[in-house]
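First up is the structure itself, then whatever we jot down about it.
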Amino acid sequence: MRTMRWNIEMKRGAACAALTVVCGCGAPAGAAKPTVIPAPEARISSAGEPIPLAFEAKPAPVPVPPAPTHSVATADFGKAYDQPVSLYTLKNKHGLTAKVMTYGATLTELDVPDRTGHLDDVVLGFDNVDDYVKSSPYFGASIGRVANRIKRARFELGGKTYTLAANNPPNHLHGGKRGWDKVIWEAKVLPDRDAAAVELDYVSKNGEEGYPGTVSAKVVYTLTDNDELRVEFSATTDTTTLVNMAHHSYWNLAGQSSNTILDQELTVDADRYTPGDPVPDGSIKSVKGTPFDFLTAKPIGKDLKAAGGKPVGYDLNYVVNGAPNKLRVVAKLKDPKSGRVLTLSADQPGLQVYSGNFLDGTVKGKGGVSYAQYAALCLESQKFPNSINVPAWKDSVVLKPGQTYQHTMVHAFSVE
């Protein structure tokens, strides 16, 4: 067998080159001479520089980053307690819009599409910050230091008794007369996230509203391109204290200017609830056979009168099924007319369901709308109310130095 050998030689001249292909096959003398393939003549520019040949490698094009699918805009929103208030507008690629102001780290607007694509604002609120200061029943606010009620406005911690404001006589409610819903938070846009996001921070001084310790609190609102509004709370302290934060939006999936939510369908993944007056007494009961059973979806108004209360309606804490500190679906709200669906996931043990019982038409909201009784529904994930005064629940609301309180809610929107 003969061996085939190819030799490639490049012969260069001053301005040209030749490619010589030599085939050495052990051919006898007198065989044909090797074939010489001339290379294309080099091209020279007017400046005397060689022009690259067509077959030479060219630099790869620089990739152009995709245009962002979300945005965050900032605007002035007036003043509260002589301090400026800013309004942050978050938008995602589907047109959903969330507005958050620095007063109370409050969600003031959330525009969500119905099954035809029509956007409507699904949270109650006001057009200006002055009305929030004057008469807001916690519309869209971040609640702290302790959400919900503390019985008789007092508690013991570390061998000391603390007395709080009885702003919901005879009990303490939502952090006191000037809780975190009534203070100005510092805010900043989070540009490195893959969604529209804003962070709000507040430092609650030792002794504020009667609570011990200085607490650094944070709320992050994120509007994702998956049509989710994430609300993430966190807090640290320099002294042992209490923390139980909550988000207090009033939801009406038919739109904030619509009628009541009594025909909207609610599902709550909870077999049990914490009965009380309305402060839980420490006992836990089954929802089976009671008007509080929402394990299967039903209109909110179906059993509302049987729920009792003064005024009549739902205002109770559910013991959510599943691991108490694991993010899982806790409730689902659906408006049959518009097709809008809100699926709430959270990582807290409890869920307060409040049907707007105290609204009576005297509060005029966005666009001058009078908010009647049952105009909206609140779904507040939380630790159990009055936990500090119930031995079995007490530790859940105590925050110590070196620990970080965390609480995540995910409001996922869809249509059916």
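The values are calculated or read from the model by the stated rules, or taken from the named source; none is laboratory data. Just so you know, these numbers come straight off a predicted model, no measurement behind them. When we count neighbours, we look across all protein chains shown, and the Cβ atoms used for this are built from the backbone with ideal geometry, even at glycine.
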Of those in the stretch 372-416 that are aromatic (F, W, Y) and out of contact with any Asp or Glu (no Cβ under 6 Å at 6 or more places or on another chain), the residue surrounded by the fewest Cβ atoms within 10 Å (Cβ to Cβ) is W393
All but one of (1) assigned to a loop (DSSP other than H, G, I, E, B); (2) over 23 Å from the mean Cα position of the chain (by Cα); (3) at negative phi hold for Y273; which doesn't? (1)
Number of positions in the stretch 94-103 that are surrounded by 24 or more Cβ atoms within 10 Å (Cβ to Cβ) and touching a Lys or Arg at 6+ places or on another chain (Cβ under 6 Å): 0
Looking at the stretch 72-83, is at least one residue within 13 Å of the chain's Cα centre (by Cα) and either under 15 Å from D131 (Cα atoms) or in contact (Cβ under 8 Å) with a residue 60 or more places away in the chain (or both)? no
Within the stretch 389-406, can you find the residues that are more than 24 Å from the chain's Cα centre (by Cα), outside any strand (DSSP E or B) and within 18 Å of A217 (Cβ to Cβ)? K400, P401, G402
Of everything in the stretch 308-342, what is touching a Leu at 6+ places or on another chain (Cβ under 6 Å), of a type outside the set (G, A, S) and either part of a strand (DSSP E or B) or loosely packed, with under 15 Cβ neighbours inside 10 Å (or both)? Give them in sequence order. Y318, V330, L333, R340, L342
Based on this model, can you work out whether S234 counts as of a type in the set (S, T, Y), within 30 Å of G95 (Cα to Cα), at pLDDT 95 or above and in a strand (DSSP E or B)? yes
Options Q382, Q373: the member that is under 19 Å from the mean Cα position of the chain (by Cα) and modelled with pLDDT of 95 or more: Q382
Of all residues in the stretch 134-162, which are under 20 Å from K400 (Cα atoms) and touching a strand residue (DSSP E or B) at 6+ places or on another chain (Cβ under 8 Å)? I143, G144, R145, V146, A147, I150, R154, F155, E156, L157, T161, Y162
Taking the stretch 343-371, which residues are in a strand (DSSP E or B), within 24 Å of S234 (Cα to Cα), of a type in the set (S, T, N, Q) and out of contact with any Asp or Glu (no Cβ under 6 Å at 6 or more places or on another chain)? T343, S345
Considering residues of the stretch 84-141 that are β-branched (V, I, T) and part of a loop (DSSP other than H, G, I, E, B) only, the residue farthest from the chain's Cα centre (by Cα): T116
Hey, any hits in the stretch 192-201 for a residue that's over 25 Å from the mean Cα position of the chain (by Cα) and either among the hydrophobic types (A, V, I, L, M, F, W, C) or assigned by TED's automatic domain parsing to the domain that holds L90 (or both)? no
Restricting the stretch 190-226 to residues that are surrounded by fewer than 18 Cβ atoms within 10 Å (Cβ to Cβ) and of a type in the set (S, T, Y), which is nearest to G144 (Cα to Cα)? S216
Please indicate, with yes or no, whether at least one residue in the stretch 172-180 is modelled with pLDDT under 95, assigned to a loop (DSSP other than H, G, I, E, B) and either of a type in the set (D, E) or out of contact with any Pro (no Cβ under 6 Å at 6 or more places or on another chain) (or both). no
Which members of the stretch 254-270 meet the condition of being assigned to a loop (DSSP other than H, G, I, E, B) and closer than 21 Å to D347 by Cα? D269, A270
